Amino acid sequence: MKFPFAQLASPKNSYQMAGHLIPWFGLLTLALMSYGVVGGLWWAPSDYQQGDAFRMIYIHVPAAFLSLSIYTIIFCCSVIYLIWQIKLADIVAEMSAAVGATYTFIALVSGALWGKPMWGTWWIWDARLTSELILLFLYFGYMGLRSAIHEPKRAGKAAAVLAIVGMVDIPIVHFSVEWWATLHQGATLAKLAKPSIAVEMLYPLLAMIGGFTFFYGTLLCIRLRTGLLQREWQSLWVREWFNQQSKSCL
Amino acid sequence: MWDFKVFIVAPIFGGDVNLSLDKTAPVGSLSQAFWGVIRREMALYDQHRGDWAMPFLFFIMVVALFSLTLGAGADWLAKVAPTVIWIAVVLALILSLETIFRADFQTGVLDQLGISPYPLSVLMLGKSVAHWIMIGVPLLLLAPLLGGLFLLSQSELWVLFLTLFFGIPTLSLIGALGAALTIGLPQGGVLLAILVLPWMIPVLLFGASALVAVTEGRSFNSELLLLTAIFIATLVIAPMGISAAVRISLES
């Protein structure tokens, strides 16, 4: 049985679609991030408790949010790939991993920089920090397993199993660490109905989250095209596309 | 139209692999196959006693090195004992799991198991049970003995035994899943450790915190119940994951 949208996910179509999306995603990234940076660093007032140090939120929260979201995307792609064998899902998962790992690293480093003035320590073994660190290890394991297996098909499937088990693991790790008293402040955006943050601070934050997301989208589209060419270099459409390109160059 | 078996189960667990075989052929019951795998595994462990003993030597040496280098006062030593013993157990298990599929993969036994009419997950569970009997149980018995090196009290040794009783099979099932993913890879050992250590963290934390609880005079029930829950969940899910991973590794 075929996946309902298998046609859309054909390598050729997705290659072209990713190419069309790159400029749009890039523009959106630029717009949202410029507003987020200016709004967050200049227009937003200082926090009454944390002073200007709170502005770390505009890097930390989007990075942390995306580190988890990208892992969720990898998880969903892995499920799709294991069940319906759609190659595109596998390539999306493969190409997302490095971006996700980088965001996780940014979240950890910015969190440490934020923690030093606020808590007086770079690092504390609290539930969220530990889960984030484990998430980084999961990303590394995922990329390590992929690079260790040379056949793309087996690598994709093994990595997919790994991603699914890792997804189950994250909440368990989180709750197992939560036994210890936690220093981390409560979630800022969990209660969107009545945010615990002023509007002038909130809008740039949302813009930064959007900007980070579209930056990921841009990178993903670029990397997706590379991945498609790497996997499909023997197929007809790549040769046709390559001939076209070389003709237009001449 | 939405047939769960055709749409979800078969693509993952390779239901079509067995279709060519006549499933009605008199090949013996599933439980016979299960016990057969266990007996074969035990015979193999018996043949390679030198390999079998390595994880225990490693375990004893790690624990001894810790207690040697930490030295210092007795009460302080007892505080780090649960952590040290649990981590040594994890490392010894990973060391022993690295080779769990290697010989079977090289000799083609794993392929034979894969095309047999029995569910691969049950056969893999048999392999894990054999591993638990031959490696897990001796580790379980060794750990409290070595706890003596750290001057643990009797009640603490008892809790150590109880938590390891549920912890070791959980860890070895999780580790087997990682080993199944890395079958036949060069540098499989280091990769295996990197893959499975994050999965083992909850078990490790609950096990160690149960011991901390008992040294502080609190009840350790909740930790023990959580360990049991994780064990049962792993026991149900991991064999399916292992068989799926083995099939993926056999495809190449």
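Output the residues belonging to the stretch A:116-130 that are surrounded by 14 or more Cβ atoms within 10 Å (Cβ to Cβ) and more than 10 Å from chain B (Cβ to nearest Cβ).
A:Met118, A:Trp119, A:Trp123, A:Ile124, A:Asp126, A:Ala127, A:Arg128, A:Leu129
Against the definition (in a helix (DSSP H, G or I) and buried (at least 18 other Cβ atoms within 10 Å of the Cβ)), how does A:Ala112 come out, yes or no?
So A:Ala112 does not fit the description; no.
Looking at (1) of a type in the set (Val, Ile, Thr); (2) more than 13 Å from chain A (Cβ to nearest Cβ); (3) surrounded by fewer than 24 Cβ atoms within 10 Å (Cβ to Cβ); (4) closer than 19 Å to B:Ala130 by Cβ, which is the only condition B:Thr234 fails?
(2)
Residues B:Leu65, B:Leu110, B:Leu95, B:Leu91: which one is without any contact (Cβ under 8 Å) to a residue 12 or more places away in the chain and either among the aliphatic types (A, V, I, L, M) or under 16 Å from B:Leu204 (Cβ atoms) (or both)?
The conditions single out B:Leu65.
Does the stretch B:59-70 contain at least one residue that is surrounded by 15 or more Cβ atoms within 10 Å (Cβ to Cβ), modelled with pLDDT of 90 or more and within 16 Å of the chain's Cα centre (by Cα)?
Yes, the conditions are met somewhere in the stretch B:59-70.
Within the stretch B:117-227, which helices (runs of 4 or more DSSP H) (wholly inside it) include 3 or more residues that are crowded, with 19+ Cβ neighbours inside 10 Å and at pLDDT below 85?
The qualifying helices (runs of 4 or more DSSP H) are B:188-215.
I'd like to check something: does the stretch A:181-193 contain any residue that is within 11 Å of chain B (Cβ to nearest Cβ), at pLDDT below 80 and over 30 Å from A:Gly39 (Cα atoms)?
no
Take the residues in the stretch A:142-155 that are part of a helix (DSSP H, G or I) and at the interface with another protein chain (Cβ under 9 Å from one of its Cβ atoms); name whichever of them is surrounded by the most Cβ atoms within 10 Å (Cβ to Cβ).
Applying the filter and picking the extreme gives A:Tyr142.
Mind checking whether some residue in the stretch A:53-73 is at negative phi and within 14 Å of chain B (Cβ to nearest Cβ)?
For the stretch A:53-73, residues at negative phi and within 14 Å of chain B (Cβ to nearest Cβ): present.
The values are calculated or read from the model by the stated rules, or taken from the named source; none is laboratory data. Please read all numbers here as calculations on a predicted model, not as lab measurements. All Cβ positions, glycine included, derive from the backbone under ideal geometry; neighbour counts span all protein chains shown.
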